[in-house]
Amino acid sequence: MARGVRGRLRGRSPRAVLAPTAALALLLATAGCGDSGGDGGGTADSKGLEKTTITVGTMPVADTAPLQLAISKGFFKAEGLTVRTTTLQGGAESVGRLRAGALDISFGNYVSYFLAHANKALDVRIVADAFALAPKTHAVLVRKDSPVKTLKDLEGKRIGVNTKRNISSLLVRKAAKAEGVTFDEDEDFAEVDMPNMETALKTGSVDAVQAAEPFVSAIEESGTGRVVADLGRPPTAGFPIAGYATTARFAEKNKKTVEAFQRAMARAQKQAANRTTVVRTLPDYTRITPDQAAQLHLGGYPVALDPARLRRVVDLMREFGYLRRPLDVAPLLVRTGP
């Protein structure tokens, strides 16, 4: 059962969880918080910001490199904004913390945000795009000695995903459908925390895993597994993965602050189009080495929010029953920035 797989793997010691390869530490950076410089304060400054200090949820992964760029290069500071970051484990935590008011803005995957909004768990507003799929940034892997060659060969087997009914299983189901395979959300997927995926393959707890970078590279380089489906290629090529969200209440009460955040992020996202810039940034906020960073597969960093792009997420969620009713994404996008 999925719960059993997750439970067994979580029973390992913290040291064991970190052990598989050094690259896995990318998701487990030592720094839990940071800021853009300056002492901030919660009141308006000369630029007219409603808040000059905000707390932003993040994850120490390649997807958030532009956020770190904006901090280290002073883009937020130039806008009169101090950004303090809090490290999160996943999209569900992002939703919960935004709802509780513990975060002002947070990085997270679009499926979590759209589900939360549709289920009235959170009145979501998307303020910036973050990351889009590219080849081998997300992939399905099996043991190196597995007879499995395609997704079709995984019929009746167990696939480990970080979270069910989320971006991980959604991408796998779409890719499998293109090969004439239908996977059931409950029967065919097991929840396995991303840092434990290599161990799950080794022990045979699952037959395959849907991993994201740096775990794709780590599992391949360790000799444990090989890619059988690159989800960064059609039919999910360029798929929108994640963005930065806030609540409708915060966006309404802090319009100038949100605009300042957007302007700084737009500058950073543009710079992230240069692979070298991202590679140089990764070791600054993670435990990954420069050599490891240089080997990673990196995705896209969209500069502007595009309703047409994000409708791809909603359409796919509808196709596989994640959403029962249509969801208009346009009103959820705060497009007051550049």
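The values are calculated or read from the model by the stated rules, or taken from the named source; none is laboratory data. Computed from a predicted structure; not experimentally measured. No Cβ is skipped: glycine too gets one built from the backbone with ideal geometry, and neighbour counts run over all protein chains shown. SASA here: full protein model, heavy atoms, side chains in, ligands and nucleic acids out. Shrake-Rupley method; radii C 1.70, N 1.55, O 1.52, S 1.80 Å.
What number goes with the only condition from (1) surrounded by fewer than 21 Cβ atoms within 10 Å (Cβ to Cβ); (2) in contact with a Ser or Thr (Cβ under 7 Å, 6 or more places away or on another chain) that residue 299 does not pass?
Residue 299 satisfies every listed condition except (1).
Considering only the range 113-130, how many residues are under 16 Å from residue 314 (Cβ atoms) and without any contact (Cβ under 8 Å) to a residue 12 or more places away in the chain?
Residues flagged as under 16 Å from residue 314 (Cβ atoms) and without any contact (Cβ under 8 Å) to a residue 12 or more places away in the chain within the range 113-130 amount to 1.
Among the residues of the range 141-168, how many are within 25 Å of residue 89 (Cβ to Cβ), at pLDDT 95 or above and among the small types (Gly, Ala, Ser)?
Of the residues in that region, 1 qualify.
Which condition number in (1) modelled with pLDDT under 95; (2) among the β-branched types (Val, Ile, Thr); (3) farther than 24 Å from residue 300 by Cβ is the one that residue 137 fails?
The one condition residue 137 does not meet is (3).
Being open to solvent by 10 Å² or more (accessible area, probe 1.4 Å) and more than 23 Å from residue 300 (Cα to Cα) is the filter; apply it to the range 53-81 and report the residue that is nearest to the chain's Cα centre (by Cα).
Step by step, filter the range 53-81, then rank; the result is 55.
Can you name every residue in the range 324-335 that is modelled with pLDDT under 95 and either open to solvent by less than 80 Å² (accessible area, probe 1.4 Å) or under 22 Å from the mean Cα position of the chain (by Cα) (or both)?
Residues of the range 324-335 modelled with pLDDT under 95: 324-326, 335.
If the condition is that a residue be modelled with pLDDT under 95 and either open to solvent by less than 80 Å² (accessible area, probe 1.4 Å) or under 22 Å from the mean Cα position of the chain (by Cα) (or both), then 335 is the only one that fits.
Determine whether residue 84 is touching a Cys at 6+ places or on another chain (Cβ under 7 Å) and open to solvent by 10 Å² or more (accessible area, probe 1.4 Å). Give the derivation first.
Numbers: touching a Cys at 6+ places or on another chain (Cβ under 7 Å): yes; open to solvent by 10 Å² or more (accessible area, probe 1.4 Å): yes.
The answer is yes for residue 84.
In the range 94-106, what residues are outside any loop (DSSP other than H, G, I, E, B) and open to solvent by 10 Å² or more (accessible area, probe 1.4 Å)?
Pass one, the range 94-106, residues outside any loop (DSSP other than H, G, I, E, B): 94-100, 105-106.
Of everything in the range 94-106, those that are outside any loop (DSSP other than H, G, I, E, B) and open to solvent by 10 Å² or more (accessible area, probe 1.4 Å) turn out to be 95, 96, 97, 99, 100.
Look at residue 242 and say whether it is within 23 Å of residue 309 (Cβ to Cβ) and either out of contact with any Gly (no Cβ under 7 Å at 6 or more places or on another chain) or open to solvent by 20 Å² or more (accessible area, probe 1.4 Å) (or both). Quick ask: steps written out before the conclusion?
Numbers: within 23 Å of residue 309 (Cβ to Cβ): yes; either out of contact with any Gly (no Cβ under 7 Å at 6 or more places or on another chain) or open to solvent by 20 Å² or more (accessible area, probe 1.4 Å) (or both): no.
No; evaluated as a whole, the condition is false for this residue.
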